Every structure is written in structure tokens, then in C-alpha cells.
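Novice: Sharing a structure here in C-alpha cells format.
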There are 2 protein chains.
Amino acid sequence: MKLYTYFRSSAAFRVRIALNLKGMSYEAIPVHLLRDGGQHRGAAFSAVNPQQLVPVLEDEGHRVMQSLAIIEYLEETRPEPRLLPADAPGRARVRSLALAIGCEIHPLNNLRVLRYLTDVLDLSDEQKNRWYRHWVETGLAAVERRLSTEAETGSFCHGDRPTIADCFLVPQVFNAQRYQCDLSAVPTLMRIHGQCMGLEPFKRAEPAAQPDAE
Amino acid sequence: MKLYTYFRSSAAFRVRIALNLKGMSYEAIPVHLLRDGGQHRGAAFSAVNPQQLVPVLEDEGHRVMQSLAIIEYLEETRPEPRLLPADAPGRARVRSLALAIGCEIHPLNNLRVLRYLTDVLDLSDEQKNRWYRHWVETGLAAVERRLSTEAETGSFCHGDRPTIADCFLVPQVFNAQRYQCDLSAVPTLMRIHGQCMGLEPFKRAEPAAQPDAE
């Protein structure tokens, strides 16, 4: 099993957590998003993923793209330990929390979007950083409202075992901290983040622990 | 079964297609995103969804948010007709195509993002429209590269029956046409769009056919 990854990509970080939680070993193939004008845009990686995005998982001749699709694939092919609950409403809740991060926050703040703000729209770094923090803070506040009020929240996002929601939450908190977002309004979320980071599978997945870390 | 919906919301449009494909009847509860300063931000709807986003599905006392999580929930609780293939690599492919639209295109172009561009960043309508078209055109081009080269593409995105990927594709094409994006570079995708729009479940889901259409 191979994972095309970049240490700082939070989408790749999600998949690394899932692989570690499932106890699977894999070969990390680093794709540097800044070097060589962006290795993800080069011919070699474009042949792997025409969308030019990491992560990509290669497994038994199959190529899987998009972090959530990769984790669902792992869940279907290597079910234990489960990263989705057994009941349909619970599974929907976990997926909806993951998507609240994967669709409402992260897409607004990835590298190519930030570049469009500065390079095409000619915005200042200050405006760019405010944009970044705005979507992180409003997006995480919406997740906090759910986590702090819904009965299913446990020591993790859903009950007392890590799920796909936690795989999405932790990398987003890392990004938020890197951009010095205000996280004082999201205590439930930060408690869960702390709980996750006490676990080896999360720690081993973090950017600084990767072979391509700088 | 109830669906909180807005005729023009492409996320709600996806769910309407899935409900129609599965032959399920539902009560549509319109939430007007422009009236009353945005009904989705009012107290009534915020109690339904703290994320203040449509669509929300209510089913037997369960509330499900996020269009992909809703459709996966429908797939698990009302399996026929299937909107995901039976094999894990095929399921991953369908999900990754849906996410290529749901994560890489749509989040950049929804109402609150466009408002931030004009109201906070003080950009012109021309700059806003260029932003819109940029993400639609580059995002759909990436999807086209996959659809036009991968053997699994059939009369629909994956084989010869509609899947979740088609539920995501069609509303995105509607949006692209509304903003006069250039679709000449995505012929495979437009062929599949035409195929879908020949089917009653897709037609009945389109914005103009909704009870709250204007």
C-alpha cells in the first residue's frame, strides 16, 4: 500500500491517522507542493491523479483519491477497528461532522485558494490571513455548537472511540493553530483534540513526524 | 420524511435527485436563503441545524445534515435502487468524483463566500464572477480528465446507472450554466449531464420544478 502525501497537507494527515488507527503499514511517497513549481502539478503526479491533489492511496492496483473516499475505502476493505459507528444515524452524524470540516472550512483555505487571493486578487497578507481565520473560526464554531449540545458526543466526537470525524478534526485544529486562529470559543472541540493527540496513531500522523517534514 | 430545502441550493438539489431516484416521497420545507436576512440564519432553522445550512433531512426522529452524509444515509436505510456500486474500488471512485465537486468546486462558490468577496473584501461583481468561473472551470476540467480517460465511465459517471457522482454532477452544471461558465472543454461531463436530464428523477429535482421556485 502506497500513500502519496505531503507532510503539511491536512487531507493527507486525515488519511495517515486512519491508516495508523487501523494499524496498517504503508509506503509514504512525498509530493512536495512548493518545490519544482509544485510537484503535484508535474507530469509524473498528474498521471497518478489528474486532479493534481494529494493524498492518493494505491492499493492492489487501485488508485483512490479524495481523503474521505480513501477512508471509506479503508473502512470497507479493512473494517477493524471501525471508524464509523454501526447504526445508520450514528454513521450519518460522523460523516456530517467530517464534511462540516472537509466541505465548509478546509476548501476555502488550501494553498491554491490562498494563492488566488494574493496573486490574482492582489490582496494583502493581512487580508489573506483574515480570510483564513474567518472561515476557520466560523466553521469550527458551528462544529462546536453541535459537539457541545448533541448527546452522542463522548470523549471523542462520537462516543468513546475515534471515528472519521476525529480524523478530520485534528488536522483542522493543527491548521488553525498554525494560523493563530482564536480557539477560545471551541472548548469541546479542543478537549477532543487533546484526547486524540494523547494517542499514538494521531501523534505518528502529525506533520512534524513525517519523513518529508521540514 | 422531511427535507429542509431551498430551490436554488445545489446541495439540496443533490439530495432531491437521490430521493427521487430511490422513489421516496418527502415533505419539502422551504428555507429561503435571501428572505428575512436569510431564514437559514434565523432562530427557527438554527435550532434544526446549528450549522445554518440546507439541506437537512428528518427521518423517524433523526436529523441528518450535509448532502453527502444524507445520501449515504439513504443508501444505507433504503438500499434500492443502489446509488453506489457493489465493489469497494468502484464505490471509492464514485465517492471521489462526488467529492471532487462537493469539496473542490462548490464550497468556493456558495452564497456566503461570494458575499465575503463583495461585502468584506470589497471586490467588484466582475472580480466575483471571475472567481466563480475560475473554480468551476478548473474544477470541472479536472473531473472531465477523469471521466474522459477512466474505463469505468459509462453512459453515466460510473457505468450505465446513475450513482451519487451523477447526483453531484448535475447541480454543479446547473450552477455553471447560470454563471455562464465556459463548458466547451468538458464534453464528457456534458454528455452525462444530458443523459441524466432525460430522466424524470433528475428533472423533478431541478430548481424550476420546486414548490419554492421563483
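The values are calculated or read from the model by the stated rules, or taken from the named source; none is laboratory data. What you see is a predicted model, and the numbers here were worked out from it, not measured in a lab. Neighbour counts run over all protein chains shown; Cβ positions are idealised from the backbone, glycine included.
Novice: Has the range B:128-151 got at least one residue that is surrounded by 21 or more Cβ atoms within 10 Å (Cβ to Cβ) and not in a helix (DSSP H, G or I)?
Specialist: Within the range B:128-151, none of the residues are surrounded by 21 or more Cβ atoms within 10 Å (Cβ to Cβ) and not in a helix (DSSP H, G or I).
Novice: May I ask you to verify whether A:VAL54 is among the β-branched types (Val, Ile, Thr), part of a loop (DSSP other than H, G, I, E, B) and either in contact (Cβ under 8 Å) with a residue 60 or more places away in the chain or at negative phi (or both)?
Specialist: So A:VAL54 fits the description; yes.
Novice: I would also like to ask the following. Does A:ALA98 fit the bill of being in the same structural domain as A:LEU189 (by TED's automatic domain parsing) and closer than 28 Å to B:GLU150 by Cβ?
Specialist: yes
Novice: In addition: Being assigned to a helix (DSSP H, G or I) and either in contact (Cβ under 8 Å) with a residue 60 or more places away in the chain or within 9 Å of another protein chain (Cβ to nearest Cβ) (or both) is the filter here, so list the residues in the range B:70-92 that pass it.
Specialist: B:ILE70, B:ILE71, B:GLU72, B:TYR73, B:GLU75, B:GLU76, B:THR77, B:ALA88, B:PRO89, B:GLY90, B:ARG91, B:ALA92
Novice: Does the range B:36-45 contain at least one residue that is assigned to a helix (DSSP H, G or I) and either assigned by TED's automatic domain parsing to the domain that holds B:GLU152 or among the polar types (S, T, N, Q) (or both)?
Specialist: The answer is yes, given that some residue of the range B:36-45 is assigned to a helix (DSSP H, G or I) and either assigned by TED's automatic domain parsing to the domain that holds B:GLU152 or among the polar types (S, T, N, Q) (or both).
Novice: Which is touching a Lys or Arg at 6+ places or on another chain (Cβ under 6 Å) and closer than 26 Å to A:GLN66 by Cα, of A:ALA205, A:ALA213?
Specialist: The match here is A:ALA205.
Novice: Scan the range A:93-116 and give yes if some residue there is of a type in the set (D, E, K, R), away from chain B (no Cβ under 12 Å), under 21 Å from the mean Cα position of the chain (by Cα) and surrounded by fewer than 16 Cβ atoms within 10 Å (Cβ to Cβ), otherwise no.
Specialist: no
Novice: Go through the range A:117-127 residue by residue and tally those that are part of a helix (DSSP H, G or I) and more than 9 Å from chain B (Cβ to nearest Cβ).
Specialist: Of the residues in the range A:117-127, 4 are part of a helix (DSSP H, G or I) and more than 9 Å from chain B (Cβ to nearest Cβ).
Novice: Give me the pairs: first residue in the range B:1-24 and in the same structural domain as B:ARG41 (by TED's automatic domain parsing) and within 19 Å of B:LEU99 (Cβ to Cβ), second residue modelled with pLDDT under 95 and surrounded by fewer than 23 Cβ atoms within 10 Å (Cβ to Cβ), beta-carbon distance under 8 Å, and six or more apart or on different chains, which are they?
Specialist: B:SER9/B:LEU33
Novice: State the number of residues belonging to the range A:57-69 that are under 20 Å from B:LEU147 (Cα atoms) and in a loop (DSSP other than H, G, I, E, B).
Specialist: 2
Novice: Considering only the range A:52-69, state which residues are within 7 Å of chain B (Cβ to nearest Cβ) and buried (at least 20 other Cβ atoms within 10 Å of the Cβ).
Specialist: The answer is A:VAL64, A:MET65, A:GLN66, A:LEU68, A:ALA69.
Novice: Right, here's the next one. Return the residues of the range A:102-130 that are acidic (Asp, Glu) and closer than 29 Å to B:SER67 by Cα; say none if nothing qualifies.
Specialist: Within the range A:102-130, just A:GLU104 meets the criteria.
Novice: Among the residues that make up the range B:162-174, is at least one of them farther than 21 Å from B:CYS103 by Cβ, touching a residue at least 40 places away in the same chain (Cβ under 8 Å) and not assigned by TED's automatic domain parsing to the domain that holds B:GLU27?
Specialist: No: the range B:162-174 contains no residue that is farther than 21 Å from B:CYS103 by Cβ, touching a residue at least 40 places away in the same chain (Cβ under 8 Å) and not assigned by TED's automatic domain parsing to the domain that holds B:GLU27.
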